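The values are calculated or read from the model by the stated rules, or taken from the named source; none is laboratory data. Computed from a prediction, not measured in an experiment: that's the story for all the values here. Note that each Cβ is placed from the backbone with ideal geometry, even for glycine, and that neighbours are counted across all protein chains shown.
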């Protein structure tokens, strides 16, 4: 198909795990969606200080997956019959077909895709941090992964593909001359040699900052955006970087889809609120669509972020998510902590914030970084 009518359909895909989609089982098991009305129930004014709630927390959450009682997450599941990402000028749109009702993703697990990369190769690994909902902790994850990997002695490149440029703000001291929009154009003549020109820590951490021209990516044909980004990442890898971390904007667009096509791994932070959880459906189906061309894309899982342990709704949703998607949840979560916001505003990792409360945040962030480092199998 031409670029102008490029379509990626996902229709009742059979899936073995999050790393392998089996063609022979196609048309037998649909990709499920996260039900609407997640955990929705009558307002619990005792637990929500007078605000509309999502019902009282259920006892015995091991029953969640098999019941439609108490408004539990898994009890109102809605499948997706025909899910597609379709390129139309000026950008990429997502549509959803009829409900199918069967469950498939609940049995899946975090794992490697069907890539054919040779064992022992030490090429640059690329991680996209993505979620089609804003304010869920994507930038915080990218920034803290970058700082942690830097301290491990890795050479780290960070590409900010979000025009809000929050990662660019926090990592401003590490910026180089390159701009993110350039990665959607032809490979520069110097092959991104400027990315390795800085001294000190700047030689090991390079920020390719977001710029105003990045907004024009929505007008690019998807095929061209994919090809250019992949070629530029290959050239960047030639400058000796061990890992590239890509921050993305919320919503489905050309930049996000192109990044997923070029990536080795994807991580999805989620907030434990209804709108964010509903975005799980879109994110998972987008990943499965992309795997038709990037079969090696490894999903590292969903990471609960900004978790308020004092909020009964957050506690309930986290337990319900774990019950509904036990093998799709990363073994880490990040609490709602002011010390993380302080760190992002100061351009430093949270472990450099001199507050007692920062210790807990440091433990959580370090645990996430250790998990990602291990799963990505980054060579040192």
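Within the stretch 317-327, the set of residues being buried (at least 22 other Cβ atoms within 10 Å of the Cβ) and either at pLDDT 90 or above or within 23 Å of residue 363 (Cβ to Cβ) (or both) comprises 317, 321.
For the stretch 357-379, taking the residues that are at pLDDT below 90 and in contact with a helix residue (DSSP H, G or I) (Cβ under 9 Å, 6 or more places away or on another chain), the one that is nearest to residue 174 (Cα to Cα) is identified as 378.
Within the stretch 128-155, which residues are in a helix (DSSP H, G or I), within 17 Å of residue 345 (Cβ to Cβ) and in contact with a strand residue (DSSP E or B) (Cβ under 6 Å, 6 or more places away or on another chain)?
138, 139, 141, 142, 146
In the stretch 326-347, is there at least one residue being in contact with a strand residue (DSSP E or B) (Cβ under 7 Å, 6 or more places away or on another chain) and outside any loop (DSSP other than H, G, I, E, B)? So far as the stretch 326-347 goes, yes, one or more of its residues are in contact with a strand residue (DSSP E or B) (Cβ under 7 Å, 6 or more places away or on another chain) and outside any loop (DSSP other than H, G, I, E, B).
Summed over the stretch 224-276, the residues that are within 23 Å of residue 123 (Cβ to Cβ) and either assigned to a helix (DSSP H, G or I) or free of Cβ contacts under 8 Å to residues at least 12 places away in the same chain (or both) give a count of 21.
Report, by residue number, each residue of the stretch 306-325 that is without any contact (Cβ under 8 Å) to a residue 40 or more places away in the chain and part of a loop (DSSP other than H, G, I, E, B). Within the stretch 306-325, 308, 309, 310, 311 qualify. When 349, 312, 304, 331 are checked against the criterion of being over 18 Å from the mean Cα position of the chain (by Cα) and either crowded, with 22+ Cβ neighbours inside 10 Å or within 23 Å of residue 264 (Cβ to Cβ) (or both), 349 stands alone in meeting it.
When restricted to residues that are surrounded by fewer than 24 Cβ atoms within 10 Å (Cβ to Cβ) and within 15 Å of residue 134 (Cβ to Cβ), the stretch 257-270 contains 0.
So is residue 297 crowded, with 23+ Cβ neighbours inside 10 Å, in contact (Cβ under 8 Å) with a residue 40 or more places away in the chain, closer than 20 Å to residue 245 by Cα and in contact with a strand residue (DSSP E or B) (Cβ under 7 Å, 6 or more places away or on another chain) or not? Criteria met by residue 297. Given 239, 173, 164, which one is within 24 Å of residue 137 (Cα to Cα) and more than 24 Å from the chain's Cα centre (by Cα)? Of the residues listed, the single one that is within 24 Å of residue 137 (Cα to Cα) and more than 24 Å from the chain's Cα centre (by Cα) is 173.
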